[in-house]
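Following: one structure in structure tokens, then a few remarks.
The values are calculated or read from the model by the stated rules, or taken from the named source; none is laboratory data. All of these numbers come straight from a predicted model, not from anything done at the bench. Glycine also receives a Cβ, built like all others from the backbone with ideal geometry; neighbour counts cover every protein chain displayed. The protein model used for the area step is the full one, side chains on, heavy atoms only, and it has no ligands, DNA or RNA in it. Shrake-Rupley method; radii C 1.70, N 1.55, O 1.52, S 1.80 Å.
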Amino acid sequence: ILFSVFLLYPIFRGLQISLYDWKIMLPVQRFVGLANYQALMKDKVFYEVMGNTFEFMFLTVIINVTLALLVASALKHAFAGSNFLRVLFYAPGIMSVSVLGIIGIRIWDTQLGIINYFMAEIGLTRVSWLGNANIVIPALSVTTVWWTFGFPMLVFIAGLHAIPEALYEAAKIDGANTLRSFRHITLPLIMPTMLFVVVTQFISHMQVFAQPYIITGGGPGNASRSAVQYLYETAWKFFRFGYASAISVVLAVIMVIIAALLFSLMRKRTEY
């Protein structure tokens with residue numbers, strides 16, 4: 001029942017609305033068929049925000065997954081302070097995205113940001129991190145990695161604990177160093193966990209909204225505007241609900257296709 005009410009019905013309702021020129025206050029809506037999708041295929045702003053979204057997702061997922069795996073490998077075994085470090089790395093994830101936005105502004109702002117403050121103190125020129133179209137998305141990506149890094153790290157730690165220590169001991173007896181053990185034991189056997197982390201991170205960061213909305217407002221211009229932010233503004237700023245529903249359908253289809261490709265490409269590597 002819950003699945004039908006909160007998932008199936010909204011999906012089919014969104015598909016239905018995307019076929020109408022939907023006006024929220026009108027009792028009867030005008031059917032337009034595929035006109036919203038045809039207009040979307042010619043919408044230059046849509047292609048621009050999709051490019052921003054893919055760039056943000058790619059940077060964030062690559063950095064998050066790589067860094068989380070390396071840190072999880074270092075924190076796998078208990079040592080003095082290991083639990084404290086795990087909590088420290090995970091702690092930013094409990095913050096609300098609004099708090100993250102305030103912190104992001106305080107870090108990256110040209111005049112008030114802490115990075116530019118220290119750069120000015122040592123005689124370097126201040127950088128417009130959030131006002132430069134070439135670096136605004138990397139800045140948002142780094143901020144997001146700091147915020148979300150803890151969850152994949154804990155997942156990787158759990159996955160690493162599932163690998164038998166006897167394999168590492170046998171490799172050590174055979175003369176394998178730490179790097180070779182990581183390459184030939186850790187990476188192949190962590191692939192089921194890797195698949196879960198990559199897919200969940202991909203889905204999460206393809207839906208990025210609050211970071212650019214709060215920190216940059218989508219600027220400069222449309223340089224950091226995400227697809228979900230464009231969808232939100234189309235619906236609730238311009239009240240084009242049919243067009244916004246078409247955006248959501250296209251975005252969902254793209255995510256399903258890419259997620260299926262990730263499963264297909266990584267599934268063979270999970271069999272060991």
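The table for this structure:
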{"item": "Residues of the stretch 4-23 that turn out to be over 31 Å from the mean Cα position of the chain (by Cα) and β-branched (Val, Ile, Thr), as a count", "result": "0"}
{"item": "Boolean, SER128 is small (Gly, Ala, Ser) and open to solvent by 60 Å² or more (accessible area, probe 1.4 Å)", "result": "no"}
{"item": "Members of the stretch 24-69 that are hydroxyl-bearing (Ser, Thr, Tyr), open to solvent by less than 20 Å² (accessible area, probe 1.4 Å) and within 28 Å of PHE182 (Cα to Cα)", "result": "THR60"}
{"item": "Number of positions in the stretch 1-23 that are out of contact with any strand residue (DSSP E or B) (no Cβ under 9 Å at 6 or more places or on another chain) and open to solvent by 40 Å² or more (accessible area, probe 1.4 Å)", "result": "15"}
{"item": "Given (1) at pLDDT 90 or above; (2) open to solvent by 30 Å² or more (accessible area, probe 1.4 Å); (3) out of contact with any Gly (no Cβ under 9 Å at 6 or more places or on another chain), index of the condition ILE214 fails", "result": "(3)"}
{"item": "Selection status of ILE203, open to solvent by 30 Å² or more (accessible area, probe 1.4 Å) and under 15 Å from the mean Cα position of the chain (by Cα)", "result": "yes"}
{"item": "Subset of the stretch 255-271 (residues that are out of contact with any Pro (no Cβ under 6 Å at 6 or more places or on another chain) and either among the small types (Gly, Ala, Ser) or touching a residue at least 40 places away in the same chain (Cβ under 8 Å) (or both))", "result": "MET255, ILE258, ALA259, ALA260, LEU262, PHE263, SER264, MET266, ARG267, ARG269"}
{"item": "Qualifying residues in the stretch 88-124 (those that are of a type in the set (Ser, Thr, Tyr) and outside any helix (DSSP H, G or I)) - the one modelled with the lowest pLDDT", "result": "THR110"}
{"item": "Only listed residue being open to solvent by 90 Å² or more (accessible area, probe 1.4 Å), out of contact with any strand residue (DSSP E or B) (no Cβ under 6 Å at 6 or more places or on another chain), more than 24 Å from GLY217 (Cβ to Cβ) and aromatic (Phe, Trp, Tyr), chosen from PHE156, PHE151, PHE182, PHE89", "result": "PHE151"}
{"item": "Pairs with Cβ under 9 Å, 6+ apart, first in the stretch 193-220 and more than 16 Å from GLY51 (Cα to Cα), second assigned to a helix (DSSP H, G or I) and among the basic types (Lys, Arg)", "result": "MET194/ARG269; LEU195/ARG267; LEU195/ARG269"}
{"item": "Inter-residue pairs, beta-carbon under 8 Å, first free of Cβ contacts under 8 Å to residues at least 40 places away in the same chain and more than 14 Å from MET57 (Cβ to Cβ) and in the stretch 132-148, second aliphatic (A, V, I, L, M) and not in a helix (DSSP H, G or I), 6+ apart", "result": "ILE135/VAL127; ALA139/LEU130"}
{"item": "Test set (1) in contact with a helix residue (DSSP H, G or I) (Cβ under 7 Å, 6 or more places away or on another chain); (2) over 21 Å from VAL155 (Cβ atoms); (3) aliphatic (A, V, I, L, M); (4) crowded, with 20+ Cβ neighbours inside 10 Å - VAL228 fails condition number", "result": "(1)"}
{"item": "Flag if VAL249 is modelled with pLDDT of 95 or more, in contact with a helix residue (DSSP H, G or I) (Cβ under 7 Å, 6 or more places away or on another chain) and either in a helix (DSSP H, G or I) or open to solvent by less than 70 Å² (accessible area, probe 1.4 Å) (or both)", "result": "yes"}
